[in-house]
1. Is at least one residue of the range A:130-141 within 19 Å of B:T58 (Cα to Cα) and of a type in the set (G, A, S)?
2. Looking at (1) under 21 Å from the mean Cα position of the chain (by Cα); (2) buried (at least 20 other Cβ atoms within 10 Å of the Cβ); (3) within 13 Å of another protein chain (Cβ to nearest Cβ), which is the only condition B:M126 fails?
3. Of the residues that sit in the range B:154-199 and are open to solvent by 60 Å² or more (accessible area, probe 1.4 Å) and hydroxyl-bearing (S, T, Y), which one is farthest from the other protein chains (Cβ to nearest Cβ)?
4. What's the total number of residues in the range B:279-318 that are surrounded by fewer than 24 Cβ atoms within 10 Å (Cβ to Cβ) and of a type in the set (F, W, Y)?
5. Looking only at the range A:216-239, which residues are within 14 Å of ligand 3 (Cβ to nearest atom) and either small (G, A, S) or more than 14 Å from chain B (Cβ to nearest Cβ) (or both)?
6. What do you reckon, is A:L237 more than 11 Å from ligand 2 (Cβ to nearest atom), at negative phi, part of a helix (DSSP H, G or I) and open to solvent by 10 Å² or more (accessible area, probe 1.4 Å)?
7. Can you tell me how many residues in the range B:33-47 are at the interface with chain A (Cβ under 7 Å from one of its Cβ atoms) and either farther than 26 Å from B:V366 by Cβ or of a type in the set (V, I, T) (or both)?
Amino acid sequence: MAKDKPVVGFYDLTGCNGCLLSFVFNEDEILEMARHFQIKSFRLIKELKEEKQFDIVFMEGLVASNMDLEMLKAIRAKTKTLVALGACACTGCIPAYRNFIDASKYVAMVYEKTKEMKDTQPLPINKHVAVDYYIPGCPPDKKQILDFMKDLLLGKKPADYDRPVCFECRLNENRCLLDDGKMCLGPITRGGCDAVCTNGKLECWGCRGPMPDANLPLISKLLEQKGFPKEHIKQRLRTFAGMMMETPPEPKPIKIKPAKPAKKVKLVKKKLAKKKLAKKVAKTAKKTKKAKAKPAKKTLKKVLKKKALKKAKPKPAAKKTAKKAVKKIKKAKKKEKTAKKTAAKRVQPSKPANEPAPQKTFKAESEPQKKDKSFFNMIKGRFKR
Amino acid sequence: MSRTIKLDHITKIEGHANLNLSIEGNQIKKCELGSVEGSRYFEGMLKGRKCYEAPEITSRICGICSCAHTICSIQAVEEALGIKPTQQTMLLRELAMVGERIRSHATHLYFLALPDYLGFESALDMSTKYKKEVERALRLTKLGNEIVTAIGGREMHPVSMQPGGMLKLPTQEAVDELRRKLQEAQNDAIATAKLFASIKYPKFERETEYFSLYDGVNYPMLSGELVSKANRFKKDEYSKYLEEYHEPYSTANFVVKKEKAYMVGALARLNNNYRFLSKNAKKIVTDSKVRFPITNPFMDNFAQGVELVHYISRGIEICRKLAITEEKAIHPGEMKFKKARGIAIIEVPRGILIHDYEINEKGDIVSANIITPTCQNLLNMQQDIRAYLPSLLKMSEQKIILEIEKLIRSYDPCFSCSSHFLKVKWNRK
Ligand code: SF4
Ligand code: SF4
Ligand code: SF4
């Protein structure tokens, strides 16, 4: 019996775990829901089990590092239905806003990392793999996740969100925040959240992404007329769903600092290491009577030596890292191209007979992005069908 | 014999982290615990944004602590702009924090920590044999969510809080309803605290410096000075004492205090502020016959149980004090900007959270610094593992991993915040 239940996985890439929590916060229904599925992987609350095949995977988060990308690809390869859960996975959310800011704003925070953890351009998951369904929102409404799961169980086509936030906001009889001088993005934003923000008197920030027919030039004109500076409007539009509206400038290579930059900290580290080791040595000596003091001291010296060696390296490496970074970025670009190709080529996953076709709206873009640099033309091109 | 233990994507913690151990005989040669969550560079993205936008943006640092980030961010902005919120607003913020604390502690204790001690893989699997416990956990989580929703507008990433005050006030009826529910939940909290007091924690003691806020009157939440047994300093001086450094194996930075590791969180709060606990929370402590300071990091679970009881009492107290009166939040258009720096330090479920912004006369953020609790605990966790490991070496690999995971989980680390947790790879050399 149990074998017939769909095998489900909940995974997270880079994100805040809010989307997964949103599902967990269905306190009254979660145990019942868990009985209808074989929840095989849910790192947040379970041990990870490597499944050969998943029927459904809910993927939270966006791709921001090599590790994310590898994980995403590996899971896509063994998953029939991949669901992008939440704004990070659907639109890139706030972390993808970084694509639109000048690197000088964060370059000081970029440190040397191991290869697998290296940063990549922060991108929603459909830029790397094919996505079957999207549950937008930051976070997605918890009931919405349940409804989606129920629909999948019943073999129904999950509900489509095709009304703007304004529609729901008006139904709730809220006073319009635009009249209060707030920069509300409700008119162009996909609803389905019951206008939860404007109910709480916060203007809509557009977390669920723009409507397919969103008239972006019009909204920005309107907001400009209301007295908001152009730059500020642009920033807002880009905050949650910038990636759905325009192509960000190509990322420039940045100089990466070695992991331990400050002199002070180096000192700290050394002392720390000594103290730590000394303590540890003392402890081990006490606990394991067999362990003699001499070899322990040796290791202490060795370790310190090694540390010293490591520290000596970074300086000449700095130039190299810069060069490497340029190379890597070139490579990454190539990879991205091939990834796009493979994503397009990817054999459509075999679907159970009763499974609905993917939604037409809010669909993954498989066509390559146009390189138009003007801010609003891009959106127009993308959303007018 | 030498061996390497690699734990990739440690499970049942918030966010992703790996652990890399290398053991030679009885010597631990390498112990690297680090976050592998992709870097999101929030501080960089804040630059050039309006200061009143910061709470909405920084809330996305962490789902489970989104109220905490929102409120800390709000207070940093208020500090910079010289805005003094009303007492009602402060109480509502504290109540939201109480709600978030209840759900965070309940989730951690029952879903992340308890399965380890009962020998289950997850709380979902416990639901047949330990139905009562799981249902209790869900009730507490629900209560926490209801509080946060009543004040913030939704379970996560609250919408109704802004620098200067509340955008929307809860009704008095809603507050009274919350008080009733909190009162009902008291038994659940006490049962939880007793459960976690009865658990046999591994015998392991290692004293470290315990840092928490302290104001000498209340169990700390939204204000106070930074205090440990040996140190005490004002929040604005934090950068003089706390330093950050990076390691290539971690996307979260390490925060140390004057060259030394320290611990923050429920245990540290309890060690420093035991006297300010509510009566019934104190009773749990005296009944379980523990002595302060507690130096066993596994007892962080116990401390969270005690806090659960305390925060429910505190929640009831706040609801009693609240008589909702109409007030208006400051419209961003009416804010007066000036060149200034604002630092806010608050107690969040996992310890001390710092938001530090510099803004210019147009109200744009020029620079930002955010220090999360897990970054502060990271080095201390590493040192604990180093100290705890020698006593485990005779055990099987599986058991060692379980014990280490237990240790890490007892810190309730959150790696989304600090910049993902434990899958183990064994490599015998
Ligand atoms: S979409 Fe929002 S709630 Fe979900 S992971 Fe991203 S930031 Fe968190
Ligand atoms: S407040 Fe926003 S969502 Fe509501 S009607 Fe006005 S513009 Fe639309
Ligand atoms: S109102 Fe706007 S910002 Fe708020 S949840 Fe809905 S779409 Fe997202």
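1. Yes, the range A:130-141 contains a residue that is within 19 Å of B:T58 (Cα to Cα) and of a type in the set (G, A, S).
2. (1)
3. Checking each candidate, the answer is B:S198.
4. So the count comes out to 1.
5. Once the filter is applied, which keeps residues that are within 14 Å of ligand 3 (Cβ to nearest atom) and either small (G, A, S) or more than 14 Å from chain B (Cβ to nearest Cβ) (or both), the range A:216-239 yields only A:I219.
6. It is false that A:L237 is more than 11 Å from ligand 2 (Cβ to nearest atom), at negative phi, part of a helix (DSSP H, G or I) and open to solvent by 10 Å² or more (accessible area, probe 1.4 Å).
7. Number satisfying all stated conditions: 2.
Conditions tested, residue by residue: (1) more than 15 Å from ligand 3 (Cβ to nearest atom); (2) within 10 Å of another protein chain (Cβ to nearest Cβ).
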| residue | (1), (2) |
| --- | --- |
| A:A103 | yes, yes |
| A:M117 | yes, yes |
| A:N126 | yes, no |
| A:A130 | yes, no |
| A:Y134 | no, no |
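The values are calculated or read from the model by the stated rules, or taken from the named source; none is laboratory data. This is a predicted model, so every value here is computed, not measured. Every residue, glycine as well, gets a Cβ built from its backbone with ideal geometry; the counts of neighbours run over all protein chains shown. Surface accessibility is based on the protein's heavy atoms, side chains included, excluding ligands, DNA and RNA. Shrake-Rupley method; radii C 1.70, N 1.55, O 1.52, S 1.80 Å.
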